[in-house]
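To start, the structure itself, in structure tokens.
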Amino acid sequence: MAPSRATKRIRLSPSDDEASPAPKSATIKQNFYSNAAEWDLEQDYEQRPRKGKKKAQEKTRLPIKTSEGLVQVSESDDAAAGDADSFLDSDSENDSAEKEDEEEKEEKPAGPKVPLKVQVVQAKEEMAHIAMLINEDPEEHIKLFRKLADYVDKTSTHPAIKKLALATQAAIFKDVIPGYRIRPIAEEVGKNEKISKEVRQLRGFEQSLLSSYVHYVQQLTTLCRGSRQRNNKDEAGLRTVAVGCVCNMLIAVPHFNQRLELLKILVNRLSKRRVDTDFVKCRETMEEIFAKDDDGIVSLEAVGLLSKMMKAKDFHVHESTLDTFLHLRLLAEFSSKGSRDRVDREEPETYGKKGKNKKEFRTKKERKVEKERKAVAKDMQEADALVSHEARERNQAETLKLVFGTYFRILKLRHPKLMGAVLEGLAKYAHLINQNFFGDLLEALKDLIARLEIEDNLDNGDDGDEDDNDEELTARQSTREVLLCTITAFALLEGQDASKAASSLHLDLSFFITHLYRALYPLSTNSDIEYNPEKALRLPDPGTRQADNNTTFQRRNKVNFQTPMVLLLRCLQSTLLARNLGTVPPMRLAGFTKRLMTTALQLPEKSSIAALALLGKVAKQHGHKVAPLWNTEERKGDGVFNPVAVDVEQSNVFAGTVWEGELLRLHYCPEVRSAALDIDKLIASTGR
């Protein structure tokens, strides 16, 4: 062991040449370190020739057989390898270094690219895992919402993955959101307040959930706005998905926070006049919200936003946007009368005294317990039912005022594209309009009918330079508006109580009756009397503008689905059979009966059957008043019947006879023939 230890202690002394004083060695080290920073060892190693490896590779090459039968090794590869080696040796070091640097720069950022399908599958798996964790324990994994939000916030993320992230967040929020609104708590109040550990933990979870949801709504708002580039398909796809998420959240959790922001997104989309899938989705969602709203809070907010939007755009909106008001629940539930300024509520009336219930014997203790139970039940009733009922009536009253305010502004502006929707709405809500407002509304309807007549006369007097299709469409719309005005005028009176209407209301509807009498002949020759103006039962003629502009996004006809013939029958039924108008004079009944029989000869088959069915009801209810038109023996009258009279009172109808019945008995349709025979039988039975 001794010699080995001695050898370890031996130190080699430097040679005489290398030995130098301390200052000289210090300068050498400094020069060494300063020059070492400029060395590029990797580059030197890369530039070394690798002839040995290439020779080894040459030995492994397969031999070839020539045409002479000799087996030789190919020399082309050897020459190429030699040329490459000579080229590397002959080039300068700077040129080769620059080329290799450029190649490295091009190769490094490229790297291995992951296909899009693989990225989408990986994202799906990760999102599914996150959703499972949050659904299992939301309080434990509430911070995972941030990971889902990062998929949407990152600009490098593919649009397909962003769509998946938006849909995943919507599905998770619908499951996690509680059934109540979360009140934001300030940090100072939360720190100073003394609460238990469980309450503090619950508050922390609620505030984290609310902040994540607010960030999600901000993402939806940004994506729904989108860019102004119309040809950007990625932006359009993200916008469509974002609109769908907004609609789903409003339908699923309308009670939660950020409801107003989501409604603003829908209203902003409904303000566009271009109808596409997003517009239809937003409109259907708004209609569903109105139909399912119980307390009226969401409807009030939505109607307020819609009315402000329409007013700001000067009512240049699509007609279907205004039709959403017809899906409000106050149409069937609200019982008070209102206008655009106030709502009059009816006080409940009590009739007689309530009967006394038999008293049961109870001890003092039982009476005390029963009294306490009644007090608790009363408090619960006030908290649950009574307060909610009063709040609902208050919300519905404010909603009704906003609806009427919008309708009356459009009536005042005479907006041509929205008049049909406004008149349809007024006809629907006529039973809710205040009686003190009837006079102004009837004057507005009269003015509208007079204006439409003037426009029709001017159009008929033109030389015909305009397009025939445009004139046809304008005539159809004006006819529809006139009929809707007449229906609204009669609906105002029919919606009121018969006792109050007879005593307090003094409405003159002769203007509408006269105009309806004059419109019977033109309507009988209208070829589109059985077709809907929005969606006809027949295809448009080829080559016309209607056929060229036929879009795929036609709105669903839930409101304005009635044909002109249906509207005409509604007007005639209100004129001839309404009991709120009092007794109908015989001259009016006979005049309309005579003109309707003449009209039935020109109408199509189904319309003629409907008109004769209405005349059958008139004959059954007022047979003794119109019987002189069929029986001329006992009738007294002189003069000549004027079939083209403007007013029904000036026609002298009892000077003529219903000769049209004889022609209707020979009609090609058996149903028309039987309807004409039924009318004759009813008239004959009343005369006996």
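What follows is calculated from the coordinates using simple rules that are stated; it is not laboratory data. Values in this document were obtained by computation on a predicted structure and should not be read as measured data. Here the Cβ positions follow ideal geometry from the backbone for every residue, glycine too, while neighbour counts run over all protein chains shown.
What does the C-alpha gyration tensor say about the overall shape of the range 206-323? Classify as rounded when a/c is under 1.5, otherwise prolate if a/b is larger than b/c, or oblate. Because a/c hits 1.5 or more and a/b fails to exceed b/c, the range 206-323 counts as oblate. FRET efficiency for the Tyr531 to Leu601 pair, using the beta carbon distance and R₀ = 30 Å, is estimated at 0.90. Between the amide H of Ile433 and those of Gly338, distances stay under 5 Å, these residues lying 5 or more places away or on another chain, with hydrogens modeled in the peptide plane.
Among 142-152, 620-630, 666-676, how do they line up by average Cβ neighbours within 10 Å per residue, starting with the highest?
On the way: 142-152: 17.0, 620-630: 18.6, 666-676: 15.2.
The most tightly packed comes first, giving 620-630, 142-152, 666-676.
Each of Lys368 and Ala291 was given a label point 7 Å from its Cα along the Cα-to-Cβ line. The distance between the two points is 5.6 nm.
Remark: spin-label model distance Lys378-Ala171 equals 5.2 nm, labels positioned 7 Å along the Cα→Cβ axis. For the range 618-688, the share of alpha carbon pairs falling in successive 5 Å distance bins from zero is 3, 16, 21, 22, 20, 14, 4, 1 percent. Net length available on complete extension from Arg394 to Tyr180 is 74.9 nm, with 0.36 nm assigned per residue and the Cα-Cα distance removed.
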